[in-house]
Amino acid sequence: MRTHRDVFELLAAADRDGERLFAPRAALATITRTVGATFRRPGSRMLVGGDGSRVRGLSGGCPEADIATRARRVIETGVADLVRYDREYGLDALLELGCGGELEVLIEPVADRDSLGFLDLATQCWWQRREGWLATVYARDGACLPQPRRALWQDGWKLDQLGAPAVLAQLVAQAKQKLGTALCAHVQLDTPQGRLDALLEAIRPPVRLLIAGINPVAVTLANLAERFGWNATLVHHADEIPAAAADQPLLHAPPETVATRAACDARTYCAVMTHNLERDIAYAGALLATPAPYIGVLGSRRRSAALLARLREEGHEPDGRVFAPAGLDIGSEDPDEIALSLLAQMKAFESRKSGAPLAAIDTPIH
């Protein structure tokens, strides 16, 4: 899925306002392919209600008005539509993009809340912190199917609307090849019935952020992370809890127990900022024994050099996982700015980006 926030917001609206949204039915718009620069990427979704309202819009210059108009026709007919905004089709709406990109959008009718069950299965993967992937087969020989068909994999098939073992086998092979680092991929499958177009979407758990230390930077970082849809937890070494942590998820775990109590996985990022060098070294060393791929330690260059040297003396290999001093060079001074610097580096790490100025690089932005 493009982001779990898209799905959570969409499902929350469907649960809260379903009577209005599904009267008589709604339409789900999904970006299936893009070329060049576009504001939203494949896998991004928008729900258009029967009353014309929009949930989680494909905003930022995308031709939402045209998509919403077409969605109303899909709601009336009950038949899916595939819309291409490129040099041949939808040129007027394409000009609204402003960024020069092209895109393909699947608009499908949604009869009721149960029709979004495939998204419920995706959220189950997230809550279980298990990876998987979703396939949406939506066209045959370039023509949109009346209703897309989906399959969801999580250590086996959790959903199969295709009922075609040969097609499922092709999807598995394509997912293994295409979704190693990518979040989404458009694939084509050759079958006796024709060539099928499908969107593959990786389902990866939200980032879990552990912050060792309770102070203004830690609290601000936790709040910022939650706005990203990450799950942030403050970790404290002592029984007495500072007042600053009163409204935050909290884990009492000194360095000697944090590795077992935190249950870190490959989607767990860690920030260490106890303002005590020995304790920071102990936390960083303990976290290196977990699968956590990012361990950022706040501090000066001299302090960071001492910390890294001690970790190596104790038999740890911090290269590639311990970021000290943590953060990007944005001139941070106060706690809010320092927290922003840390979170920006974590986001760049998650996206496998350098964190360099966009004007200084010539690779695609998305």
Do we have residue 294 as of a type in the set (Ser, Thr, Tyr) and either modelled with pLDDT under 95 or surrounded by 23 or more Cβ atoms within 10 Å (Cβ to Cβ) (or both) here?
no
Hits in the stretch 207-233 (condition: farther than 14 Å from residue 342 by Cβ and either assigned to a strand (DSSP E or B) or outside the structural domain of residue 295 (by TED's automatic domain parsing) (or both))
208, 231, 233
Long-range neighbours under 8 Å by Cβ, at least six apart or interchain, first residue under 15 Å from residue 13 (Cβ atoms) within the stretch 25-49, second surrounded by fewer than 24 Cβ atoms within 10 Å (Cβ to Cβ) and aromatic (Phe, Trp, Tyr):
49/22
Which listed residue is surrounded by fewer than 19 Cβ atoms within 10 Å (Cβ to Cβ), at pLDDT 90 or above, on the phi < 0 side of the Ramachandran plot and basic (Lys, Arg), from 87, 70, 20, 41
20
Under 6 Å between Cβ atoms, which residue pairs at least 6 apart in sequence (or on different chains) link something in the stretch 277-300 that is in the same structural domain as residue 318 (by TED's automatic domain parsing) with a partner that is of a type in the set (Val, Ile, Thr) and outside any strand (DSSP E or B)?
280/274; 286/258
Could you please let me know if residue 286 is modelled with pLDDT under 95 and either part of a loop (DSSP other than H, G, I, E, B) or more than 24 Å from the chain's Cα centre (by Cα) (or both)?
no
Mind checking which residues of the stretch 304-343 are among the hydroxyl-bearing types (Ser, Thr, Tyr) and outside any helix (DSSP H, G or I)?
332
Taking the stretch 178-199 as the region of interest, how many residues are over 14 Å from residue 132 (Cα atoms) and either outside the structural domain of residue 151 (by TED's automatic domain parsing) or outside any strand (DSSP E or B) (or both)?
2
Collect the residues in the stretch 100-141 that are touching a residue at least 60 places away in the same chain (Cβ under 8 Å), out of contact with any Gly (no Cβ under 7 Å at 6 or more places or on another chain), more than 22 Å from residue 24 (Cα to Cα) and assigned to a helix (DSSP H, G or I), keeping them in residue-number order.
122, 123, 126
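Name every residue in the stretch 319-366 that is touching a residue at least 60 places away in the same chain (Cβ under 8 Å) and under 20 Å from residue 227 (Cα atoms), in order of residue number. Please lay out each step first, then the result.
Taking the stretch 319-366 first, the residues touching a residue at least 60 places away in the same chain (Cβ under 8 Å) are 335-336, 338-340, 342-343, 346-347, 349-350, 352, 364-366.
Within the stretch 319-366, 335, 336, 338, 339, 340, 342, 343, 346, 347, 349, 350 meet the criteria.
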All conditions in (1) within 29 Å of residue 333 (Cα to Cα); (2) in contact (Cβ under 8 Å) with a residue 40 or more places away in the chain; (3) touching a strand residue (DSSP E or B) at 6+ places or on another chain (Cβ under 9 Å); (4) of a type outside the set (Lys, Arg) are true of residue 242 except (2)
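The values are calculated or read from the model by the stated rules, or taken from the named source; none is laboratory data. As the structure is a computational prediction, the values presented were derived from the model and not from experiment. Cβ: placed from backbone, ideal geometry, glycine included. Neighbour counts: every protein chain shown.
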